[in-house]
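Nothing in this text is a laboratory measurement; each read-out follows from the coordinates by a stated rule. Bear in mind that the values here come from a model prediction, so they are computed numbers and not experimental data. Virtual Cβ from ideal backbone geometry, glycine too; neighbours counted across all protein chains shown.
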Amino acid sequence: MNRIIDLGKYIEIGINALEENLSFLWGAIDDVISWTVDSMNDILLSIPFGVFLLVVVVLAWCAKSGKLMFKREGLKKAAGLVSFIIFGLGLIYVMGYWRDAMHTTTLVLVSTFIALILGIPFGILAAKNRTADVIIKPVLDFMQTMPAFVYLIPAIFFFSVGNTPGIVATVIFSLPPAVRLTSLGIRSVSDDVVEAGRAFGATEKQILYKIELPLAMPTILTGVNQVILLALSMVVIASMVGAKGLGSVVYQGIQQNDIAKGFESGLGIVILAIILDRITQSFANKKG
């Protein structure tokens, strides 16, 4: 069947124009992301395994118990998660994938940070402005339903191969929950509470920062949890454009038909996902 409109051609023309006219911007973004990733990798890899494990255990303990409760109550709440963290991270270490796990952690943390920096303001805007909400919603629908592999094409075009295109594709894929849940959290704040703030003379800025955002924090933290999990789900796909970490080991296992390598590195991703999910969800529950 003959094509009436060659939409892809116009998209390609637009991307080519962006690459040619904004090459300085893509170069600057690449430099910043590369420096951030390299610096964080160096920091994480410089921490001895025992110290890193202790920090994560304490963080999990605080997330579960609300504070450092070295009593029976705190022990009951945190024992299961702490035991899993010790076993899981220990397993990754003895399997020899600790360096790759730190690369993956860096990829997830940097991607999550960028997604939240972009997503939370847009979520606030969508909650506060009806016109913005009407525009933002279909964009988020497009971002969530477009196959993740498609994001790799412009990412490679703008940034070549390496960690940067992987992080950019991951940010695009994981951004929508941050926007949606921030907007939902603010919209869910009781009108009576907001009106009470106005009655006491609070400005709109004070209402946002001192009433709406604190009350919306459990929902926003749930969005953080979802962003982290979506970022982790992208690590294997991001490895196809040169991103390092456990995802690249899984990809090597696929290419080499190496079942052992693929299973071990995939198990490492699962362990990291469970740990990050349980910790962030515990913080969200505590805020609630």
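Summary table
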{"quantity": "Gyration tensor over alpha-carbon atoms, region 207-288, equivalent ellipsoid semi-axes in Å", "calculated": "35, 13, 6"}
{"quantity": "Number of Lys pairs (Cα under 20 Å; 8 or more positions apart or on different chains) in the chain", "calculated": "19"}
{"quantity": "Computed helical MRE - 222 nm, the chain, DSSP H runs ≥ 4 contributing -39500 (n - 2.57), nearest 500", "calculated": "-28500 deg cm²/dmol"}
{"quantity": "FRET E, pair Asp191, Ser34, Förster distance 41 Å, beta-carbon r, rounded to 0.05", "calculated": "0.35"}
{"quantity": "Point-to-point label distance, Ile47-Phe157, nm (Cα→Cβ direction, 7 Å offset)", "calculated": "3.9 nm"}
{"quantity": "Charge dipole of region 212-288 about the Cα centre (unit charges at C-beta), most positive-ward option of Ile271, Ile237, Ile254", "calculated": "Ile271"}
{"quantity": "Cα point-scatterer Debye curve for region 83-182, base-10 log of I(q)/I(0) at q = 0.16 Å⁻¹", "calculated": "-0.80"}
{"quantity": "Residues listed by number, region 159-194, amide nitrogen under 20 Å from Asp133 label point at 7 Å toward C-beta", "calculated": "176-194"}
{"quantity": "Potential lengthening between Ala17 and Ile259 on full extension [0.36 nm per residue; Cα-Cα distance subtracted]", "calculated": "82.8 nm"}
{"quantity": "Ellipsoid equivalent to the chain - semi-axes via the Cα gyration tensor, in Å", "calculated": "32, 32, 16"}
{"quantity": "FRET efficiency, 1/(1 + (r/R0)^6) with R0 45 Å, evaluated for Ile86 and Leu7 via beta carbons", "calculated": "0.30"}
{"quantity": "Burial order of peptide ranges 4-15, 259-270, 241-252 (average beta-carbon count within 10 Å, highest first)", "calculated": "241-252, 259-270, 4-15"}
{"quantity": "Length-normalised contact order of region 57-211 in % [C-alpha pairs under 8 Å, at least 6 apart]", "calculated": "22 percent"}
{"quantity": "Simple Cβ-charge dipole of region 184-288, Lys/Arg +1 and Asp/Glu -1, about Cα centre, in debye nearest 20", "calculated": "200 debye"}
{"quantity": "Relative frequency of Cα-Cα separations exceeding 15 Å in region 163-233, percent", "calculated": "59 percent"}
